[in-house]
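To start, the structure itself, in structure tokens.
Here, each number is a calculation from the coordinates, and none is a lab measurement. No experiment lies behind these values; they were computed from the predicted model shown. With ideal geometry, Cβ positions are generated from the backbone for all residues, glycine too; neighbour counts draw on all protein chains shown.
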Amino acid sequence: MAMKMVLRGNMATAYAAKLARVEVIPAYPITPSTLFPEKISEFVANGELKCQFIKCESEHSAMSACIGASATGARVATATSSQGLALMHEVVFIAAGLRLPIVMAIGNRALSAPINIWCDHQDTIAERDSGWLQFYAEKNQETLDLMLMAFKICEDHRVLLPGMVGMDAFVLTHTMECVDIPEQEEVDRFLPPYKPVYKLDVNNPMTFGAFSSPDNYMEFRYAVHMAMESAVKVIDEVFEEFEKKFGRNYQRVVPFMVEDAEVILVTIGSMTGTAREAVRLLRSKGKKVGLLKITTLRPFPKDLLKKYLKDAKVVVVLERNISLGFGGAVYPEIAAVFANAARRPKIYDFIIGLGGRDIVVEDIVKVYEIAMDALKAKKAEMVEWIGVRKDEIEVIK
Amino acid sequence: MKITIGATVTEAGSSVRNKTGGWRNMRPVTDLAKCKRCGICIIVCPDAVISMKTREEGPKTDYDYCKGCGICANECPFKAIEMQQEER
Amino acid sequence: MYEIRFHGRGGQGAVTAANALAVAAAMEGMYVQAFPVFGVERRGAPVAAFVRIDEKEIDIRSQIYNPDIVVVLDMTLLGAVNVTAGLKKGGILIFNTKKKPGEFSYPDFKVATVDATEIAVRNGLGTQTNPIVNTAILGAYARAVGNVKLESIIEAVKQESPVKKDENAKAVKDAFENTVKGW
């Protein structure tokens, strides 16, 4: 019988690491992910988790230790946020290139400057091209479930890539809500121990982190890309098996009221729930609105986005990130899905909730109205910032 | 070449197949009559290609891997090692 | 759905009170969310914490702007913070005070009072100058609101209190019995 607990998102990922019987956890604490190493050290001190908990001197060191530990064939996890992830950047790419299935919980937090500890997705979006799988949770149950599934997906020999599970700073990391904690035996049946293809072993010496010349670097990169492509199938399989075993449904892209929708909102993370409320409100007024939640941003769910969005008149992308000098980072990717399509929806981009600015139902309704006006005006493209007080910004002429 | 997972080199000692002696311009030649078998050349060789099995035999340079850097000749206290132009 | 806001000062345990209330409601099979005002914690500074309780799964993730219930742990906050901001008409205000509800003038709201400070001190929770009232105030919540049972709150308080579990449970019960409803 699964146990129901009221937990913060950070705690839920710590429980996931415990249930996954993670063997090495190197970590360096940073708000809003600090509760993860805190809870892990408690588990280890209490003897509830047999694991090497390494207190590192920086995030760069923490990820480096993750790489070393994972190369020995151990199951490895860590957690970080924002500047911490940015400091890891160099080694984040190495973890993927070395094909080490490390799983990292991320408390999605804005990047400096100005320094800000609250929620947006800029930190993980900045690591989008690193070769890590990216999952985003909407609620605390998903942080636990996705973390558990991430181990199984990442460790699959068709994938062998690291994965990040993003959860919104404070909105999930520090919010208590009901979470079903599965039984250890059930998790053990779902997630057998990690079997590495190659590992560091004094009795069978190998070289990890070897040099590669122009003559073969592209082949290695292509191999990582192919692994990312095969991850699509593996994710679907694991989501299906998870549902059979634990009864909770996961999809790379989750549709809500899209069947007859003329306008479809695309969201990532915790804003999805608030957007769902907004969709219900708009539906009650007869508006044909639907919602798509992206759970896996990498591998990018091209197939499902095409399937759900192709008949919409307008696709509204809501983004808690900004690629400065362009627009949101997800918007061009969704546009690319339809780049060569004969018939395509109008795609508009909205930047919202940066640095923890609260997203309320009224914001989403406003986004819908702006998008409808743009459609009427036949606007070809649009990147709109929601709720920005433009008149207060200092301009030097 | 096999493109392994993570560019892992799956066997130990495979670098012996890379015969770096081909990089050499100058060849160290040891005059065993001048050599006092002190072994300094063995210690200073950055590629560890000089070895000595017996005193009689004296130090031997493995030309498959010697890159001809000349450190041994420079360090030899008895000027027993001469750098000669490599001819191919 | 019920939306509740707790007002206290950093270190008084408003966040813990919100968490314990959520745990209690969850024990009764309700869906809950409990969260602080997201930010940097400072001892003595005014803080707020929020709880949502619903029979069905809670979708909304924004902060709470129009609570049904406001709980005030420290009456000195009334001069610093507008504790009734956004409180729905007919909403419940729970004060930690020696005064009776009739001594307040809030025509739009229902006022309930309890001397949680005296109850906390009597049960050995903190001192007269620094009483720990966050558990006692939940007894008043159980009495004034009635959507979460006293037994569940006692159980949750025991679970959430790192020390003095029995004393905290007793404070909840005492507060429940001594709460005065102004309606």
> Using modelled backbone amide H atoms (1.01 Å from N, in-plane), which distant-in-sequence or interchain residues come within less than 5 Å of C:V111's amide H?
Replying inline: C:L93, C:G182
>> Run the helix sum for the protein assembly as shown: -39,500 (n - 2.57) per DSSP H stretch of 4+ residues, divided by residue count, reported at 222 nm to the nearest 500 deg cm²/dmol.
In response: -10000 deg cm²/dmol
> Which whole number gives the average, over all residues in A:166-173, of C-beta atoms from other chains lying within 10 Å of the residue C-beta?
Replying inline: 2
>> Given axes a ≥ b ≥ c from the Cα gyration tensor, I'd like to know whether the range B:18-85 is rounded (a/c under 1.5), prolate (a/b larger than b/c) or oblate.
In response: prolate
>> With θ taken as phi - 60° and the coefficients 6.51, -1.76 and 1.60, list the Karplus ³J(HN,Hα) couplings across the range C:152-158 in order, rounded to whole Hz; mark glycine and proline as x.
In response: 5, 5, 4, 4, 5, 5, 4
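Just subtract the alpha-carbon distance of A:S112 and A:D188 from 0.36 nm times their residue separation and send over the number in nm, one decimal.
23.3 nm
Within 10 Å, count the other beta carbons around each residue, average over each peptide in A:8-15, A:101-108, and list them highest first.
On the way: A:8-15: 28.5, A:101-108: 30.5.
Answer by packing, highest mean first, reads A:101-108, A:8-15.
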> What is the distance, in nm, between label points placed 7 Å from the Cα along the Cα-to-Cβ direction at C:D54 and at C:F104?
Replying inline: 2.7
> Per-residue HN-Hα couplings for the range A:24-33, Karplus 6.51 cos²θ - 1.76 cosθ + 1.60 at θ = phi - 60°, whole Hz, x for Gly and Pro?
Replying inline: 9, 10, x, 8, 9, x, 8, 4, x, 9
> Between A:V388 and A:A336, what FRET efficiency follows from the Cβ-Cβ distance if R0 is 25 Å, with the result rounded to 0.05?
Replying inline: 0.40
>> For a quick check: with amide H placed at 1.01 Å from N, whose amide H comes under 5 Å from A:I54's, ignoring anything fewer than 5 positions away on the same chain?
In response: A:I25, A:A27
> At q = 0.05, 0.07 Å⁻¹, what base-10 log of I(q)/I(0) does the Debye formula yield for the protein assembly as shown when every alpha carbon is treated as an equal point scatterer in vacuo?
Replying inline: -0.33, -0.57
>> For Cα pairs less than 8 Å apart in space and 6+ apart in sequence, what is the mean separation divided by the residue count of chain A, i.e. the relative contact order in percent?
In response: 16
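Determine, from the Cβ-Cβ distance of A:H89 and A:Y217 and an R0 of 25 Å, the FRET efficiency 1/(1 + (r/R0)^6), rounded to the nearest 0.05.
The computed FRET efficiency comes out at 0.80.
So which trypsin sites (Lys or Arg not before Pro) in the range A:279-362 end up in coil per DSSP with only 13 or fewer other C-beta atoms within 10 Å?
Details: sites: A:R280, A:R283, A:K285, A:K287, A:K288, A:K293, A:K302, A:K306, A:K307, A:K310, A:K313, A:R320, A:R343, A:K346, A:R357; in loops: A:K285, A:K287, A:K288, A:K310, A:K313, A:R320, A:R343, A:R357.
Counting only loop positions with at most 13 other Cβ atoms within 10 Å, the trypsin sites (Lys or Arg not before Pro) in the range A:279-362 are A:K285, A:R343.
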> Using θ = phi - 60° and the Karplus form 6.51 cos²θ - 1.76 cosθ + 1.60, what ³J(HN,Hα) does each residue of the range A:354-359 get, whole Hz, x for Gly and Pro?
Replying inline: 6, x, x, 4, 5, 10
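Among all helices in chain A defined by DSSP H, which have a length of 27 Å or more along the axis from Cα atoms plus a Kyte-Doolittle mean of at least -0.5?
On the way: long enough: A:217-246 (41 Å, -0.12).
Once both thresholds are applied, what remains is A:217-246.
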> R0 = 22 Å: FRET efficiency of A:E369 with C:M1, Cβ-based, nearest 0.05?
Replying inline: 0.30
>> I need the shape label for chain A. Rule: rounded when a/c is under 1.5, else prolate if a/b > b/c, else oblate, with a, b, c from the alpha carbon gyration tensor.
In response: prolate
>> What do you get for GluC sites (Glu not before Pro) in the range A:2-51 restricted to DSSP loop and a cutoff of at most 15 other Cβ within 10 Å of the site's Cβ?
In response: A:E48
>> With no other cysteine's Cβ closer than 4.7 Å, which Cys residues of the protein assembly as shown count as lacking a disulfide-compatible partner?
In response: A:C51, A:C56, A:C66, A:C119, A:C154, A:C178, B:C35, B:C38, B:C45, B:C66, B:C69, B:C76
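From the Cα gyration tensor of the range A:25-111, with a ≥ b ≥ c the square roots of its eigenvalues, which class applies: rounded if a/c is under 1.5, or else prolate if a/b is larger than b/c, or else oblate? Numbers along the way, then the final one.
Numbers: a/c = 2.06, a/b = 1.11, b/c = 1.85.
The shape class here is oblate.
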